[in-house]
1. At 7 Å along Cα-to-Cβ for each site, give me the label-to-label distance between Phe57 and Leu115 in nm.
2. Can you tell me the 0 to 90 degree angle between the C-alpha axis of helix 74-96 and the longest principal axis of the chain, rounded to 10?
3. Which longest uninterrupted range of the chain lacks any GluC sites (Glu not before Pro) assigned by DSSP to a loop state (not H, G, I, E or B) and surrounded by at most 13 other Cβ atoms within 10 Å?
4. Using the beta-carbon distance between Thr38 and Leu74 and R0 = 30 Å, what value does 1/(1 + (r/R0)^6) give for FRET efficiency, to the nearest 0.05?
5. Determine ³J(HN,Hα), in whole Hz, for all residues of segment 12-25 in sequence, where each value follows from phi through the Karplus function 6.51 cos²θ - 1.76 cosθ + 1.60 and θ = phi - 60°; x replaces Gly and Pro.
6. I'd like the projected area of segment 88-134, averaged over all directions, using the convex hull of its alpha carbons. Report it in nm² with one decimal.
7. Starting from the coordinates of the alpha-carbon atoms of the chain, obtain the Kirkwood hydrodynamic radius over all distinct pairs and give the value in Å to one decimal.
8. For the chain, what is the calculated [θ] at 222 nm in deg cm²/dmol (nearest 500), taking -39500 (n - 2.57) for each run of four or more DSSP H residues and dividing by its residue count?
Amino acid sequence: MQLLVWEDRFSVGIREFDQHHKILFEMINSLIIAKEETSGPNVIKNTLEQLHLYTIFHFTAEEAMMKHFEFEGLDDHIEEHQVLLKKVEDYQTKIADSEEISIDEVLNFVAGWVLDHTLGIDQLYGPFLSHRTG
């Protein structure tokens, strides 16, 4: 898998959230590098944990701003966030239980979700919030 590269098309027009997204890209890239270097399971476990915690932080901030400004798409957005969190938690449980888990599966899901989410549903709140915060 290629490293994720930030491009302007990923921007939602809110500096804070663009920074969050860039950090998420870097964390996913850390997983990609760990895989390429055939790092041990602890490196992957720790990186996935950091990604999980940062994602919760980011989602909380996004959802709070959407709620504050009464963004109509908030419920759909929260549902999408829950999909990622649940799947990452499932991966973490499998790792903790010493189950076989494919780093490729984790990367394909997480990277695909973040790219699709940032280019998709996140683009809906960008213009709405930027007119209210800017």
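Since every read-out is calculated from the coordinates, none of them should be taken as a lab result. Computed from a predicted model, the values in this text were never measured in an experiment. For neighbour counting, all protein chains shown are included, and Cβ atoms are generated from backbone atoms with ideal geometry for every residue, glycine included.
1. Simple spin-label model gives 2.5 nm for this pair.
2. So the inclination is approximately 10 degrees.
3. Working: sites that count: Glu7, Glu37, Glu70, Glu72, Glu99, Glu100.
By the stated rule (loop sites, at most 13 other Cβ atoms within 10 Å), 101-134.
4. For Thr38 and Leu74, the calculated efficiency is 0.15.
5. 9, x, 10, 3, 4, 6, 4, 5, 4, 4, 5, 5, 4, 4
6. On the way: hull surface 17.2 nm².
Computed as one quarter of the Cα hull surface, the answer is 4.3 nm².
7. This gives a value of 15.5 Å.
8. Mean residue ellipticity at 222 nm (helix-derived): -26500 deg cm²/dmol.
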